[in-house]
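Below is one structure, written out as structure tokens, with a few remarks after it.
Readers should treat all values here as calculations from the given coordinates under stated rules, not as data from a laboratory. Small disclaimer: the values here were computed from a predicted structure and weren't measured. Every residue, glycine among them, receives a Cβ derived from its backbone with ideal geometry; neighbour counts consider all protein chains shown.
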Amino acid sequence: MAAHISKLAEVHGSAKLGEQVHVGPFCLIGPDVEIGDGTRLDSHVIVVGKVRMGEHNRVHANAVIGAEPQDSNYAGADTSVEIGSYNVIRESVTIHRGVDPHEPTSVGDQCYVMGGCHIAHGCRVEHQVVMANNVLLGRHVHVGVHATLAGGLAVNHFASIGSHAFVAGMSRVVHDVPPFLVAEGSPARPRGVNLVGLRRCGFSPETLQALEEAYRLLFVDHVGVDSVRELLRSQRQLLPPVNYLLGFVQLQNEGWQGRSRERRRAA
């Protein structure tokens, strides 16, 4: 079935719309836009620039996708936004295209981005991420799979939020948030293991216990990563999620996570 385009919408003739795409009234679709089958755009949605959007997304009123980045260094480069499939993008969300053609702004599959959120240029949001109302991502932020960002928090540019992490509302994230943990505060700090989220995702009691032990050693007792790894290995608790957590913290300590990327770009 062909796309349904409201008579009150403006769609450029070069835009590529899949089957059963719905474009509501007062939407604006630019010439370099590709929208996959079954995607629905409600009223007053703007999609401009080079945007590739997958299938069965739902974009609510007043969202703006693909606008120029808010960066004084942007000089009109041919940059882009890439969005996967089965996402929900709520009212007044803004997703800006990148500054560097080699670093598109990207959103994975099955994400839920609530009203008023901002995803800045060069951000990479992976699959099944939940962003509650008014979450603000600075440039080049990386959010791992199954992460949950509660309402009103702000993430500083170049920060990384690990997979399955939960960041509490109104937090100020200036450092990387390790995977599987809860972070909260201004600035946000690890406060424990994200037990609720991990149980919902089917993590075993054995894995949760091992992650709690790793958290205690790393962030309460302040034992070094190498020592924690050896200790947990001796206790047969070095499960893959624990090893991933330790690897994330090791890279962070060595300057290869988060904001260190900004320093390497400037070098």
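General remarks:
- Flag: Y86 matches the condition of being of a type in the set (S, T, Y) and closer than 17 Å to V125 by Cβ.
- Residues satisfying the criterion are present in segment 149-157 (criterion: touching a residue at least 60 places away in the same chain (Cβ under 8 Å), surrounded by fewer than 22 Cβ atoms within 10 Å (Cβ to Cβ) and touching a helix residue (DSSP H, G or I) at 6+ places or on another chain (Cβ under 8 Å)).
- Cβ-Cβ distances below 9 Å connect the following pairs, each with a first residue in segment 65-82 that is closer than 11 Å to H121 by Cβ, a second residue that is among the acidic types (D, E), and a separation of six or more residues or different chains: G66/D32; Y74/E68; A77/D100; T79/E68; T79/D100; T79/E103; S80/D32.
- The number of residues in segment 120-151 being touching a Ser or Thr at 6+ places or on another chain (Cβ under 7 Å) and under 21 Å from G185 (Cα atoms) comes to 5.
- Scanning segment 203-219 for residues that are free of Cβ contacts under 8 Å to residues at least 24 places away in the same chain and over 21 Å from I161 (Cβ atoms) gives S204, P205, R216, L217.
- Scanning segment 195-242 for residues that are part of a helix (DSSP H, G or I) and of a type in the set (F, W, Y) returns Y215, F219.
- Per the conditions (1) surrounded by 18 or more Cβ atoms within 10 Å (Cβ to Cβ); (2) touching a residue at least 60 places away in the same chain (Cβ under 8 Å), the sole criterion not satisfied by I35 is (2).
- For segment 166-193, a residue qualifies if it is free of Cβ contacts under 8 Å to residues at least 40 places away in the same chain, crowded, with 18+ Cβ neighbours inside 10 Å and part of a loop (DSSP other than H, G, I, E, B), and exactly one does: S171.
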